[in-house]
Amino acid sequence: MTSAEPRELDLLARETASQVSQTPEPSFVAALDGEVLTWNPAIGTLTGVREAEALGRRCWDVLAAITADGSPLCGASCPFLAAANAGRSSTPVEARVLKVPGRGRAAGPARRPAVVRHVALQDVTGTARVVLHLLEDLQAHRGRERVTDHLSAMRAGPAGLDVDLAPREYEILELLAAGLTTRDLAAQLGLRHA
């Protein structure tokens, strides 16, 4: 670890690691020098990069994000790391993150749209030590919007849609469109998750 006070950094990273690993949102924690300290399963799904491949590397080498106009977002001059180092926040940025093809597929890497946000995590003295990066998968979000729009059209009963669903079926579809996991959906509906 190359950041100052590795013992404090280790403690802060360990304290956040279990929380980050359990969140359904694609996220990771990086040291102020960009070293990836935690990498949750959801960011692995978004990027195609496994935790073992990300840990210890610089976040800009893993994400290789670019802005909407094609300019590099990730790099040694990352605006999120710079803001955290200066003790301030930066605005969320819409970017395209590298999506590595799945194992066994021949296709080359692609870019996936995401909104990137950050939270500088501070130690007891109020000094930023690590940066939590949160990514919102815009491709999945836009898919949920399409499902929600379709549900609204079905409820309105336009002539072109010949669908007759029970209220419970609409409820299930709305929860799925809201992005709930099957575990959360089961809990919301009072069902046992298998």
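The values are calculated or read from the model by the stated rules, or taken from the named source; none is laboratory data. In this text the structure is predicted, and so the values were computed from the model without any measurement. Cβ sites come from the backbone with ideal geometry, for glycine too, and all protein chains shown count toward neighbours. With ligands, DNA and RNA removed, areas are computed over all heavy atoms of the protein, side chains included. Shrake-Rupley method; radii C 1.70, N 1.55, O 1.52, S 1.80 Å.
Could you look through segment 146-155, keep only residues that are open to solvent by 30 Å² or more (accessible area, probe 1.4 Å) and among the aliphatic types (A, V, I, L, M), and pick out the one that is modelled with the highest pLDDT?
The residue in question is ALA153.
Just to be sure before I move on: is ARG112 within 17 Å of ALA42 (Cα to Cα), open to solvent by 40 Å² or more (accessible area, probe 1.4 Å), modelled with pLDDT of 70 or more and not in a loop (DSSP other than H, G, I, E, B) in the structure I sent?
For ARG112, the condition - within 17 Å of ALA42 (Cα to Cα), open to solvent by 40 Å² or more (accessible area, probe 1.4 Å), modelled with pLDDT of 70 or more and not in a loop (DSSP other than H, G, I, E, B) - is met.
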- Message: Looking at segment 36-81 only, could you name the residues that are in a helix (DSSP H, G or I), open to solvent by 20 Å² or more (accessible area, probe 1.4 Å) and more than 19 Å from PRO113 (Cβ to Cβ)?
- Response: PRO41, GLU51, ALA52, GLU53, ASP61
- Message: Looking at GLY143, GLY126, GLY179, GLY87 in this structure, which one is at pLDDT 70 or above, surrounded by 12 or more Cβ atoms within 10 Å (Cβ to Cβ) and among the small types (Gly, Ala, Ser)?
- Response: GLY179
